[in-house]
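A quick write-up on the structure given underneath.
Each reported figure results from applying straightforward, stated rules to the coordinates on display, with no laboratory input. All values derive from a computational prediction rather than experimental measurement. Neighbour counts run over all protein chains shown; Cβ positions are idealised from the backbone, glycine included.
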Amino acid sequence: MNTLLQDDIILDCRADKIFYSDFLAVRDSHVPIRKNQITGFIGPSGCGKSTVLRSINRMNDLIRGFKFFGSIQFHTMDIYNKKVDPVAVRRNIGMVFQQPNPFAMSIYENVAFGLRLNRFKGDMDNQVEKALRGGALWDEVKDKLKKSGLSLSGGQQQRLCIARAIATEPQVLLMDEPCSALDPIATRQIEELMLKLKERFTVCIVTHNMQQAQRVADQTAFFSVDLSIGGRTGYLVEMAATKELFSNPQEQLTKEYLHGDFS
Amino acid sequence: MNETKNDLLQLPNLERQPFEPRALKSILLSTITIICAVLACVPLFSVLVMLIYRGGSRISLELFTALPPTAFQFDGGGISNAIIGTLFMVGIAALITIPFGVLAAIYLAELGPYSKVATIARFSAKTMSGLPSIIAGVFAYAIMVITMGGYSAWAGGVALAVLMLPTILLTAEETIKMVPKRMKEAAFGMGCTPSQSMTKVVLPMALPGIITGVVLAVARAAGETAPLLFTAIFSEYALEPNDPTASLAVLIYNYSNSTSENQLELAWAASLVLVVLVFILNMVSRWIGSRTRK
């Protein structure tokens, strides 16, 4: 399985089949993720875009009955190889969730959390500040680092979660609808932040919002639901550079979705 | 008002009509609910009033420092050995059940919630929480008193532990489960191992709830009599863990039948001390519980 990846592909995700117990949730989806780019996952509800995203750092292992067939090649390793420790995967592939979920501890401790997990030996204050600056939150919280992370507003909490995720310098950042619980202003701040983040990290984002995909994503993967096998199985319809996908979709289904014919 | 009485466009009358049947019925029903609510407070307050009236006069330093009097000693004496005995045995029970119960709860809530072991453990804990306390006493008698060859504080502690375990286990499981899923996801997303997620994120959040469960279990065990009758019985001497040991509950049971006026008074005083102890423990658990919601 250890074929060499094309230069700029950091993660090669081949989800042949993903099951939740007997339910086939996703089939035949090949999503190559390019380095230092933002890859957007779009599609209607139940199309499996979140399932694929959460498979990338093995978060789905926590769900009972989850089974993954295929491979996700990260550097030279398939992360679904039996020898791979899912905890190690998650330390290299960070995640930001739909609902902001800071821990019930201080802002500082939230950011220091991952560093402490990794037994970080350097200047903790400095690294926390760097992460908070990276999360575009430093100026707003520098005077109240001791306050609870839960005391912040929703948008600030989400940026705290981003700062927490990037503090340990992961290579890839997964974002599962990071703005869907936020107002438009906070959404715009997170989007601007994502464009900055891609200079240092590779970002994958699931979004319901097609304008958002157009604004931030370099390439976009469109998923849809296949009702024909008697279930609701999601699959990748097509994937291309964002401009290309939106201006010149190859598949009829993509065209209809982008025109709002169904959702 | 009278001028417009026959006017079809007259505004509806919005004033209260206190003597309409509908209003009367409403007042009657409200009154009944208030009376019932007040009556619900009566037992606790009448118990407290009676205990203060009958036992309050014996509250003094001597009560907490002196040993019980003999049946032929007409005044003086205290219940120090019973207070220490109760605290000691409840303490042993807590030392056994807290680690035991919390670790089992972690398994039930997180590691194998659907496993056979967890299902059986959960079912038996629920059954055990309704276990008559006298059965716990008989059980501890069989495994401790008979094998160790005599009544002891250790046996009393084990009997109380049997009663406390299900409460601690079930409340700990419940509070661990109540830690929001997104907190656990955040922990795993940061690259926590399952044990790191548990010790660094889940347990700190569940801690107030776990402590509340422990305090309530302790409060219940402190007042139990039946299990101690079979295991620690009673003693008029200072605490000696390998020998029969006094406790507040058994002291009350023994002295309330006494013909000695002095011992009867001590039984009342011990009742007051026990109720105040349970009251304080409940306040503590409510105080800890209220800190959770911050």
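Every test in (1) touching an Asp or Glu at 6+ places or on another chain (Cβ under 9 Å); (2) within 14 Å of chain A (Cβ to nearest Cβ); (3) not in a helix (DSSP H, G or I) is passed by B:GLY191 save one, and that test is (1).
Checked against (1) of a type outside the set (Gly, Ala, Ser); (2) surrounded by fewer than 20 Cβ atoms within 10 Å (Cβ to Cβ); (3) within 14 Å of chain A (Cβ to nearest Cβ), B:ARG220 meets all criteria but (3). For region B:202-214, check the following and say yes or no: at least one residue is at the interface with chain A (Cβ under 9 Å from one of its Cβ atoms) and surrounded by 19 or more Cβ atoms within 10 Å (Cβ to Cβ). Checked against the condition, which is being at the interface with chain A (Cβ under 9 Å from one of its Cβ atoms) and surrounded by 19 or more Cβ atoms within 10 Å (Cβ to Cβ), region B:202-214 yields at least one hit.
Would you say A:VAL216 is closer than 18 Å to A:PRO32 by Cβ, in contact (Cβ under 8 Å) with a residue 60 or more places away in the chain, β-branched (Val, Ile, Thr) and in contact with a helix residue (DSSP H, G or I) (Cβ under 9 Å, 6 or more places away or on another chain)? Taking the combined requirement at face value, the residue does not satisfy it. Of all residues in region A:116-173, those that are aliphatic (A, V, I, L, M) and within 14 Å of chain B (Cβ to nearest Cβ) total 11. A:ARG64 falls short on exactly one of the conditions (1) surrounded by 17 or more Cβ atoms within 10 Å (Cβ to Cβ); (2) farther than 20 Å from A:CYS161 by Cα, and that condition is (1). Residues in region B:227-253 that are assigned to a helix (DSSP H, G or I) and surrounded by fewer than 19 Cβ atoms within 10 Å (Cβ to Cβ): 1 in all. Do you know which of the residues in region A:43-68 that are within 12 Å of the chain's Cα centre (by Cα) and away from every other protein chain (no Cβ under 14 Å) is farthest from A:THR242 (Cα to Cα)? Residue satisfying both the conditions and the ranking: A:THR51. Contact annotation: no residue pair with Cβ atoms under 9 Å, 6 or more positions apart or on different chains, pairs a residue in region A:225-248 that is at positive phi with a partner that is assigned to a strand (DSSP E or B) and crowded, with 16+ Cβ neighbours inside 10 Å.
Is it the case that B:ALA186 is touching a strand residue (DSSP E or B) at 6+ places or on another chain (Cβ under 9 Å), in a helix (DSSP H, G or I) and within 14 Å of chain A (Cβ to nearest Cβ)? Full working, then the answer.
Details: touching a strand residue (DSSP E or B) at 6+ places or on another chain (Cβ under 9 Å): yes; in a helix (DSSP H, G or I): yes; within 14 Å of chain A (Cβ to nearest Cβ): yes.
When the stated conditions are applied, B:ALA186 passes them.
Quick check on my filter: what residues within region A:90-112 are in a helix (DSSP H, G or I) and buried (at least 22 other Cβ atoms within 10 Å of the Cβ)? Within region A:90-112, A:ARG90, A:ILE107, A:ASN110, A:VAL111 qualify. Residues in region A:69-106 that are among the polar types (S, T, N, Q), more than 7 Å from chain B (Cβ to nearest Cβ) and closer than 18 Å to A:GLY135 by Cα: 3 in all.
Residue-by-condition table, conditions (1) in contact with a Phe, Trp or Tyr (Cβ under 7 Å, 6 or more places away or on another chain); (2) of a type outside the set (Asp, Glu); (3) part of a helix (DSSP H, G or I):
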site: B:LEU48; (1), (2), (3): no, yes, yes
site: B:LEU63; (1), (2), (3): no, yes, yes
site: B:THR97; (1), (2), (3): no, yes, yes
site: B:GLU110; (1), (2), (3): no, no, yes
site: B:ALA118; (1), (2), (3): yes, yes, yes
site: B:LYS126; (1), (2), (3): no, yes, yes
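Of everything listed in (1) within 14 Å of chain A (Cβ to nearest Cβ); (2) more than 20 Å from the chain's Cα centre (by Cα); (3) closer than 23 Å to B:GLY112 by Cβ, the single unmet condition for B:THR175 is (2).
Among the criteria (1) surrounded by fewer than 22 Cβ atoms within 10 Å (Cβ to Cβ); (2) part of a helix (DSSP H, G or I), the one B:ALA140 does not fulfil is (1). Hey, among the residues in region A:136-181 that are without any contact (Cβ under 8 Å) to a residue 40 or more places away in the chain and part of a loop (DSSP other than H, G, I, E, B), which one's surrounded by the fewest Cβ atoms within 10 Å (Cβ to Cβ)? The qualifying residue surrounded by the fewest Cβ atoms within 10 Å (Cβ to Cβ) is A:ASP143.
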